[in-house]
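Worksheet for the structure shown next.
The values are calculated or read from the model by the stated rules, or taken from the named source; none is laboratory data. Values in this document were obtained by computation on a predicted structure and should not be read as measured data. Note that we place each Cβ from the backbone using ideal geometry, even for glycine, and neighbour counts take in every protein chain shown. Accessible surface areas use protein heavy atoms only, side chains included; no ligands, DNA or RNA. Shrake-Rupley method; radii C 1.70, N 1.55, O 1.52, S 1.80 Å.
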Amino acid sequence: MSSWKMPADLSTWISGLTNLIDRRLRGVLALVFCGLLLTRERRRTCTTWFRASGIDREFRSGYRAIGATGRNAKAMGTSILFDIANSPATAKSERIKLTLDDTPSQRYGPCVEGAGLHHNPTPGPSNQPFLYGHVFVTLAWAVEHPDWGTISLPVRSELYVRRKDMPKIPPERKWEFRTKTEQAVGLIGWATKMLSHKGKPIWLAVDGGYANRDVIQAAKRGSVTLVGRLRKDAALRSMPGAQPAGKRGRKPKYGKEVVSLAKRAGHREGWQQDEMVLYGAKVMKTYKTFLATWRPAGGEIRVVVVKEDNGWLAFFCTDPNATAVEILEMVADRNSLEQTFKDVKEIWGAGQQQVRNLHAAIGAWHLNLWAYTLVELWAWDKPADELVYRGCSPWDREPRRPSHADRRKALLRQALQEEFLEAQDGPDAEQKLLDFAERLMLLAV
């Protein structure tokens, strides 16, 4: 089997990942990753990766390399985290912005370790409320591109297995049950420990499902500012009053008055407007902001109530000095993780690798996530004209930013061009060109 030539910076990142597993599998994992980048088949299973990379008789080693990736996902995720931290994508940012959410990966067939019945967040036209498969709690680094807007770069995931599905996992996997909240707490603690050397403030945006006491306290322990959505019936309290003169004891953390978000949102006065950048566009938002106390947060929070066309929404921030613009822009940045999940599943085929082994499923999922991240880092400084090719559709002249699919195709074009140029050098250039043409035809087929 022969390896495809990748751009130098991408090869360096891939080498950093492969060096973290058993040396006997490093070369195979590099081939698997190249196959993941190169395959163009509609059904993106592990075997399509093997065919695109030239793995044939060594396919069992390919599966072992994917399983080793799942067992070493934490260490390899640390390598990806440092790649992002040292890239131009984060060089000019004043703060580190992280996003966290979970997403399902539908599976089929019996004997899939760790799979179970989960809530389906996108039921579609069939209105299917549940799906059978895996759920991954994912942490990503949200970076701001000057032309493309906010992009969430996945770093690491945790596989959530329901307690009732634990008996189906073989004992040799040594799998321990943890709730989604416990997994989120672990990811936050890991990320803050790895990023403490950067010396930048860390902000984390979560969905309402993770806006609970455990996650908020974990963020506080790591000096992380947390932004999330508030329930409309959240048990908020007023700010504590001043300590009476001569009264002994600690100052109270919580006020005595109940704060009703519905009443605050229904009152006509107190609304203000401000311009902010949400989802890559400047918009004018109408909102109210005030300080309150909330027991899950352990005290004071900043609350922002936003008026929308179909009602109102409430958000909070654990930093009482944060502005409403900063909070709402961070909320919008969290939604970039939803777009990342969509691209990872549609463009890279995450979840289509129907492996049954628990660690192989984790490894395949992470390889798709990291492929997304590395392609975005590779394309960060590339001009749009270099990334978008519309030679086959000259009628398409609508100006728009390159999609992630455009960036992936640009990487493939560069990789194949470099392979072709290298094949022309040397005394055996003719044979190398024939080999390259044969591999290219197999890739196209």
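Quick one: is Trp13 of a type in the set (A, V, I, L, M, F, W, C) and open to solvent by 30 Å² or more (accessible area, probe 1.4 Å)? Before the answer, list the steps.
Numbers: of a type in the set (A, V, I, L, M, F, W, C): yes; open to solvent by 30 Å² or more (accessible area, probe 1.4 Å): yes.
Yes.
Scan region 45-100 residue by residue and report those that are of a type in the set (Asp, Glu) and either over 30 Å from Pro201 (Cβ atoms) or over 18 Å from the mean Cα position of the chain (by Cα) (or both). Lay out the reasoning, then the answer.
Filtering region 45-100 down to residues of a type in the set (Asp, Glu) leaves 56, 58, 83, 94.
Of everything in region 45-100, those that are of a type in the set (Asp, Glu) and either over 30 Å from Pro201 (Cβ atoms) or over 18 Å from the mean Cα position of the chain (by Cα) (or both) turn out to be Asp56, Glu58, Glu94.
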If a residue must be free of Cβ contacts under 8 Å to residues at least 60 places away in the same chain and open to solvent by less than 20 Å² (accessible area, probe 1.4 Å), how many such residues does region 408-425 contain? 2
Of the residues that make up region 80-95, is at least one more than 28 Å from Met330 (Cα to Cα), polar (S, T, N, Q) and at pLDDT 90 or above? no
Taking Arg408, is it more than 25 Å from the chain's Cα centre (by Cα), charged (D, E, K, R) and at pLDDT 80 or above? no
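If you scan region 302-323, which residues turn out to be open to solvent by 10 Å² or more (accessible area, probe 1.4 Å) and not polar (S, T, N, Q)? Spell out how you get there, then give the answer.
Just the residues of region 302-323 that are open to solvent by 10 Å² or more (accessible area, probe 1.4 Å), to begin with: 302, 307-313, 315, 318-321, 323.
The answer is Arg302, Lys307, Glu308, Asp309, Gly311, Trp312, Leu313, Phe315, Asp319, Pro320.
Modelled with pLDDT of 90 or more, closer than 25 Å to Glu422 by Cβ and either surrounded by fewer than 21 Cβ atoms within 10 Å (Cβ to Cβ) or not hydrophobic (A, V, I, L, M, F, W, C) (or both): does that describe Gly62?
Details: modelled with pLDDT of 90 or more: yes; closer than 25 Å to Glu422 by Cβ: yes; either surrounded by fewer than 21 Cβ atoms within 10 Å (Cβ to Cβ) or not hydrophobic (A, V, I, L, M, F, W, C) (or both): yes.
For Gly62, the condition - modelled with pLDDT of 90 or more, closer than 25 Å to Glu422 by Cβ and either surrounded by fewer than 21 Cβ atoms within 10 Å (Cβ to Cβ) or not hydrophobic (A, V, I, L, M, F, W, C) (or both) - is met.
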If the Cβ limit is 6 Å and pairs must be 6+ apart or interchain, which residue in region 232-257 that is under 24 Å from Gly311 (Cα atoms) and among the aliphatic types (A, V, I, L, M) pairs with which residue that is open to solvent by less than 80 Å² (accessible area, probe 1.4 Å) and at pLDDT 75 or above? Leu236/Val259; Leu236/Ala292; Leu236/Trp294
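Condition first: free of Cβ contacts under 8 Å to residues at least 40 places away in the same chain and either part of a helix (DSSP H, G or I) or open to solvent by 50 Å² or more (accessible area, probe 1.4 Å) (or both). Now tell me which residues in region 149-175 satisfy that. Before the answer, list the steps.
Taking region 149-175 first, the residues free of Cβ contacts under 8 Å to residues at least 40 places away in the same chain are 158, 163, 166-167, 171-172, 174.
If the condition is that a residue be free of Cβ contacts under 8 Å to residues at least 40 places away in the same chain and either part of a helix (DSSP H, G or I) or open to solvent by 50 Å² or more (accessible area, probe 1.4 Å) (or both), then Arg163, Met166, Pro167, Pro171, Glu172, Lys174 are the ones that fit.
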Residue hits (region 260-300; closer than 19 Å to Arg231 by Cα, open to solvent by less than 40 Å² (accessible area, probe 1.4 Å) and either out of contact with any strand residue (DSSP E or B) (no Cβ under 9 Å at 6 or more places or on another chain) or in contact (Cβ under 8 Å) with a residue 40 or more places away in the chain (or both)) are Leu261, Ala265, Tyr287, Ala292, Thr293, Trp294, Pro296, Ala297, Gly298, Gly299
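Residues checked against (1) among the charged types (D, E, K, R); (2) crowded, with 19+ Cβ neighbours inside 10 Å; (3) assigned to a loop (DSSP other than H, G, I, E, B); (4) in contact with a Gly (Cβ under 6 Å, 6 or more places away or on another chain):
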site	(1), (2), (3), (4)
Thr69	no, yes, no, yes
Lys74	yes, no, no, no
Ser105	no, yes, no, yes
Glu113	yes, yes, yes, no
Ser126	no, no, yes, no
Ala140	no, yes, no, no
Val143	no, yes, no, no
When you go through (1) in contact (Cβ under 8 Å) with a residue 40 or more places away in the chain; (2) part of a loop (DSSP other than H, G, I, E, B); (3) closer than 21 Å to Leu369 by Cβ one by one for Arg42, which number turns out not to apply? (1)
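Conditions tested, residue by residue: (1) without any contact (Cβ under 8 Å) to a residue 12 or more places away in the chain; (2) under 19 Å from the mean Cα position of the chain (by Cα); (3) surrounded by fewer than 17 Cβ atoms within 10 Å (Cβ to Cβ).
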site	(1), (2), (3)
Ala184	no, yes, no
Gly189	no, yes, yes
Lys193	no, yes, yes
Lys200	no, no, yes
Val215	no, yes, no
Thr225	no, yes, no
Arg229	no, yes, no
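Collect the residues in region 248-266 that are within 35 Å of the chain's Cα centre (by Cα) and part of a loop (DSSP other than H, G, I, E, B), keeping them in residue-number order.
Just the residues of region 248-266 that are within 35 Å of the chain's Cα centre (by Cα), to begin with: 259-262, 264-265.
Of everything in region 248-266, just one residue is within 35 Å of the chain's Cα centre (by Cα) and part of a loop (DSSP other than H, G, I, E, B), namely Ser260.
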Does Asp274 satisfy the condition of being among the acidic types (Asp, Glu) and either outside any strand (DSSP E or B) or farther than 21 Å from Arg95 by Cβ (or both)? no
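From Lys168, Lys232, grab the single residue that is farther than 18 Å from Cys317 by Cβ and not β-branched (Val, Ile, Thr). Steps first, answer last, please.
Numbers: Lys232 fails: farther than 18 Å from Cys317 by Cβ.
It is Lys168.
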